[in-house]
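Structure first, commentary second.
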Amino acid sequence: MATAPYGVRLLVGAAVTAIEETRKLPQTILMYPMTFASQVAHLVMKMQQDVADLVNKGDEMLDQLFPPKDEQPEWATFDEDIEGDGADDSSRLNNDGERLTEGRFALFTGGEPDTADPNPGTQAKHAKTDPPDVVAELDYESLTLAQLRARLTSLRVPDLEALLEYEGATKSRAPFQTLLANRITRATAK
């Protein structure tokens, strides 16, 4: 096969390229707004970065010319700065030496909530009983929330209920309890 002259090959190649680009034109036109927006965002972020670099260089030069003073403003006071006669400190501590909170933060007295358990001894009863078999099978105590979530689909509803009761009697971790309760609801709805 004879080769066409260089000029003919160049013209044919240009024509083929023009046809290919014409076919791509509808898709290319749709991409222009996103391309333009991303280029503008890139330009703005680059400009912000350059301005921040200039500010940092300016700070360094000003720190060299005018070293900062290590003085503490007169309005700033810290716990270490307060030197009292001890009367103020004793009013903030209870008999055990623990700090008391005042006002709306005084939620508990003596560190225990004011609400009483309607069924006294239930937690003690659960704590004294042996954990359910499913706890040992899953090595439940060492599971993370993600590991438990992965194993939930293979458990039956009674096992899930036993785990929920065990969690409530021991650690009472809200995410674990919510996960177990939601799985029980989904399993019983099927």
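Residues being surrounded by 10 or more Cβ atoms within 10 Å (Cβ to Cβ), modelled with pLDDT of 90 or more and hydroxyl-bearing (Ser, Thr, Tyr) are entirely absent from region 74-90. Taking the criterion of being out of contact with any Phe, Trp or Tyr (no Cβ under 6 Å at 6 or more places or on another chain) and surrounded by 15 or more Cβ atoms within 10 Å (Cβ to Cβ), the residues of region 166-180 that qualify are Tyr166, Gly168, Ala169, Thr170, Phe176, Gln177, Leu179, Leu180.
Checking the structure you have, find out if any residue of region 1-22 is among the hydroxyl-bearing types (Ser, Thr, Tyr) and not in a helix (DSSP H, G or I). Yes; the residues of region 1-22 include at least one that is among the hydroxyl-bearing types (Ser, Thr, Tyr) and not in a helix (DSSP H, G or I). Across region 144-170, the number of residues qualifying as modelled with pLDDT under 90 and either under 17 Å from Pro131 (Cβ atoms) or in contact with a strand residue (DSSP E or B) (Cβ under 9 Å, 6 or more places away or on another chain) (or both) comes to 0.
The values are calculated or read from the model by the stated rules, or taken from the named source; none is laboratory data. Here the structure is a predicted model, which is why all the values come from computation and not from measurement. Methodologically, a virtual Cβ is constructed for each residue, glycine included, from the backbone with ideal geometry; neighbour enumeration extends over all protein chains shown.
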